[in-house]
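Written out below as structure tokens is the structure these notes cover.
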Amino acid sequence: EADIYQTPRYLVIGTGKKITLECSQTMGHDKMYWYQQDPGMELHLIHYSYGVNSTEKGDLSSESTVSRIRTEHFPLTLESARPSHTSQYLCASSEGQGASGYTFGSGTRLTVV
Amino acid sequence: TQLLEQSPQFLSIQEGENLTVYCNSSSVFSSLQWYRQEPGEGPVLLVTVVTGGEVKKLKRLTFQFGDARKDSSLHITAAQPGDTGLYLCAAYSNSGYALNFGKGTSLLVTP
């Protein structure tokens with residue numbers, strides 16, 4: 001049973017559309033993350049949050065934005081999708097204590113046409 | 001950002017064979033994690049190694065952290081088709097705010 005949920009699992013949209021990828025966790029974790037994953041490449045951190053009202057950009061430049069109004073919810077928004085945004089987006093959370101491991105969602109596979 | 005290099009990139013073996021995959025870096029880590037990712041799913045944490053020279057076993061999987069805490073290996077004994085997946089190593093960045101991941105080893109075990 002998943003403790004972190006991502007919706008939708010798959011999304012195909014047209015260029016220029018605004019989209020929000022949802023991520024929710026039921027574990028009460030303070031730290032949450034968004035990674036982008038492409039075949040044969042490392043997972044790239046695009047956003048992270050240490051808690052409510054805390055959001056930071058990651059190492060990979062991204063045109064997306066995030067919000068953290070509630071502990072359990074960390075949505076990612078693309079204001080105007082482009083084909084270069086086509087990728088797998090993974091959300092994760094952690095307890096944030098020491099060398100904590102991540103719990104990942106199942107991901108959203110986004111295709112922008 | 002410290003680089004985690006994983007090898008081999010791809011590995012295709014028959015059921016019952018043994019294999020070892022590697023994760024190397026020029027950086028010293030306080031800890032290192034291994035994940036397995038199945039197609040269409042997110043990575044799942046397998047183990048965290050913390051002490052140099054540490055060996056951890058998870059059924060047929062044996063994880064070792066190098067003495068200098070710069071590298072790690074994962075050995076699978078008598079591989080099964082259920083072991084198929086992408087094996088990722090990860091370590092916290094120098095600033096400690098998030099995990100950096102290697103590119104992974106894609107393992108295919110055929111019956």
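A few notes on this one:
- Scanning the range B:1-59 for residues that are in a strand (DSSP E or B), more than 10 Å from chain A (Cβ to nearest Cβ) and among the hydroxyl-bearing types (S, T, Y) gives B:S7, B:S12, B:T20, B:Y22.
- Condition check for B:G82: within 27 Å of A:R109 (Cβ to Cβ), loosely packed, with under 13 Cβ neighbours inside 10 Å and of a type in the set (G, A, S): yes
- Qualifying residue in the range B:85-97 (condition: more than 12 Å from chain A (Cβ to nearest Cβ), within 30 Å of A:R9 (Cα to Cα), touching a residue at least 24 places away in the same chain (Cβ under 8 Å) and more than 10 Å from the chain's Cα centre (by Cα)): yes
- Scanning the range B:51-68 for residues that are within 14 Å of the chain's Cα centre (by Cα) and either small (G, A, S) or at pLDDT below 95 (or both) returns a single hit, B:G66.
- Within the range A:62-113, the only residue that satisfies the criterion of being within 9 Å of chain B (Cβ to nearest Cβ) and either in contact with a helix residue (DSSP H, G or I) (Cβ under 8 Å, 6 or more places away or on another chain) or among the β-branched types (V, I, T) (or both) is A:T103.
- Test for B:F63: is it among the aromatic types (F, W, Y) and outside any strand (DSSP E or B): no
- Residues within the range B:94-111 that are within 21 Å of B:Q33 (Cβ to Cβ) and surrounded by fewer than 15 Cβ atoms within 10 Å (Cβ to Cβ), tallied: 3
- The strands (runs of 3 or more DSSP E) located wholly in chain A that include 2 or more residues which are surrounded by 13 or more Cβ atoms within 10 Å (Cβ to Cβ) and not hydrophobic (A, V, I, L, M, F, W, C) occupy A:4-7, A:19-25, A:31-37, A:44-51, A:54-57, A:87-94, A:108-112.
The values are calculated or read from the model by the stated rules, or taken from the named source; none is laboratory data. Small disclaimer: the values here were computed from a predicted structure and weren't measured. Cβ atoms come from the backbone with ideal geometry, glycine included; neighbour counts cover every protein chain shown.
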